[in-house]
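As structure tokens, the structure follows; a few thoughts come after it.
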Amino acid sequence: MKIINIFNGPQNASVIVQGCMRMPALTKEEAAKSIRTAYDAGVNFFDHATCYGNGEAEVRFAEALPLTGIKREDIFIQSKCGIYPEKEEFDWTKESILASVDGILSRLHINYLDTLLLHRPDLLFDPEEVAEAFDCLEKAGKVRWFGVSNLMPMQTELLNKYVRQPLVINQLQLSLEQSQLIDQALYLNNKTTDMSVNRDGSVLDYCRLHDITVQAWSPLQIGMFGGTFIDNSDYPELNKVLSEIAERENVSKAAVAVTWILRHPAKMQTVIGTMNPVHISEICEAANVKLSHNDWYRLYLASGKFLP
């Protein structure tokens, strides 16, 4: 497994992060098998959020981890807070952040989080309140590093004006199908396509300029909830190229799709969501695949993009 050092953050972190959103559907024994499979494949970074199963993902992880034989100090545990589906709101108030972390630690049966991400922007967030919350959590030893998820550059700048701790991660959606983070630069000043629209404030370039590690979520996803493009009949050309490279490299098509993200020089991590041990092992092979410059562009164009 390839590892990276996150600037001002976790060191020797696996480039593939095991997402735990689907863990509530598993028994603790099944969850333990998924965790151990990922770990044996070289994954040492596990991602949670308070809204994943309304906390049940963290509960199941805590039940399963002792069954794996993995030591807490040998892995990075990350969680996110701020989304409240039951209240239909996002909340980054100091009170909410502090209460969320206490709940996370209680459900996970741990004393500290390696990383805490603020999960999608609260439209009413007060950066001074966030700063106070981060200071409290750092002083209490409850969180080692901090970051954000789905945050625009100017919102990050606003946070950075008040927050003392470096924001080391921004978790953003990216896949061959959902490649808006990359697309817009190709179509600058091109009024013939809406792909010229800057939808994200050039957040990928911003993160690179400011040493913020991007964690790409839903790397196989169509849209937000459209299922996977792997073996999807709506994406014949993409699956053809994925198959050719997968056969050449003796890996799965899913591994090639994840490798496409890891090939980017931004040095990203990729969050995978499957709980299937076979699929976990297959996708983790992505860290060992080397795509050429030409391979990367072939996949990009096969996903439905075009060069101006």
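The values are calculated or read from the model by the stated rules, or taken from the named source; none is laboratory data. Just so it is clear, the structure is predicted and the values come from calculations on it, not from any experiment. Please note: Cβ atoms are built from the backbone with ideal geometry, for glycine as well, and neighbour counts cover all protein chains shown.
Criterion first (closer than 24 Å to Gly19 by Cα and modelled with pLDDT of 95 or more) does Ser252 satisfy it? Here the answer is yes, as Ser252 does meet what is asked. Step by step: first the residues of region 117-172, then only those that are under 30 Å from Ile261 (Cα atoms) and hydroxyl-bearing (Ser, Thr, Tyr), then the one that is farthest from the chain's Cα centre (by Cα). Which residue is that? By that ranking, first place goes to Thr156. Cβ-Cβ distances below 9 Å connect the following pairs, each with a first residue in region 30-50 that is at positive phi, a second residue that is in a helix (DSSP H, G or I) and among the aliphatic types (A, V, I, L, M), and a separation of six or more residues or different chains: Gly42/Ala287. Only a single item in (1) within 30 Å of Glu95 (Cβ to Cβ); (2) touching a strand residue (DSSP E or B) at 6+ places or on another chain (Cβ under 9 Å) is not met by Met152, and it is number (2). Just to be sure, is Asp40 modelled with pLDDT of 95 or more, surrounded by fewer than 16 Cβ atoms within 10 Å (Cβ to Cβ) and of a type outside the set (Lys, Arg)? It is true that Asp40 is modelled with pLDDT of 95 or more, surrounded by fewer than 16 Cβ atoms within 10 Å (Cβ to Cβ) and of a type outside the set (Lys, Arg). State whether the residues of region 23-32 include one that is modelled with pLDDT of 95 or more, within 19 Å of Asn170 (Cβ to Cβ) and crowded, with 20+ Cβ neighbours inside 10 Å. Scanning region 23-32 turns up no residue that is modelled with pLDDT of 95 or more, within 19 Å of Asn170 (Cβ to Cβ) and crowded, with 20+ Cβ neighbours inside 10 Å.
Quick one: which strands (runs of 3 or more DSSP E) lie wholly within region 24-138 and hold at least 3 residues that are under 24 Å from Cys284 (Cα atoms) and among the aromatic types (Phe, Trp, Tyr)?
Working: elements: 45-47, 76-81, 113-119.
Of the strands (runs of 3 or more DSSP E) lying wholly inside region 24-138, none has at least 3 residues that are under 24 Å from Cys284 (Cα atoms) and among the aromatic types (Phe, Trp, Tyr).
Within the set Leu238, Leu204, Leu188, the sole residue that is farther than 29 Å from Val168 by Cβ, crowded, with 20+ Cβ neighbours inside 10 Å and among the aliphatic types (A, V, I, L, M) turns out to be Leu238. Taking residues in region 105-134 that are under 18 Å from Val163 (Cα atoms), and partners anywhere that are assigned to a helix (DSSP H, G or I) and of a type in the set (D, E, K, R), the pairs with Cβ atoms closer than 7 Å and at least 6 places apart or on different chains are Pro127/Lys161; Glu129/Lys94; Glu132/Lys94; Ala133/Lys94. In region 1-23, which residues are within 23 Å of Ala266 (Cα to Cα), among the aliphatic types (A, V, I, L, M), part of a loop (DSSP other than H, G, I, E, B) and under 15 Å from the mean Cα position of the chain (by Cα)? Hits for region 1-23 are Ile6, Val15.
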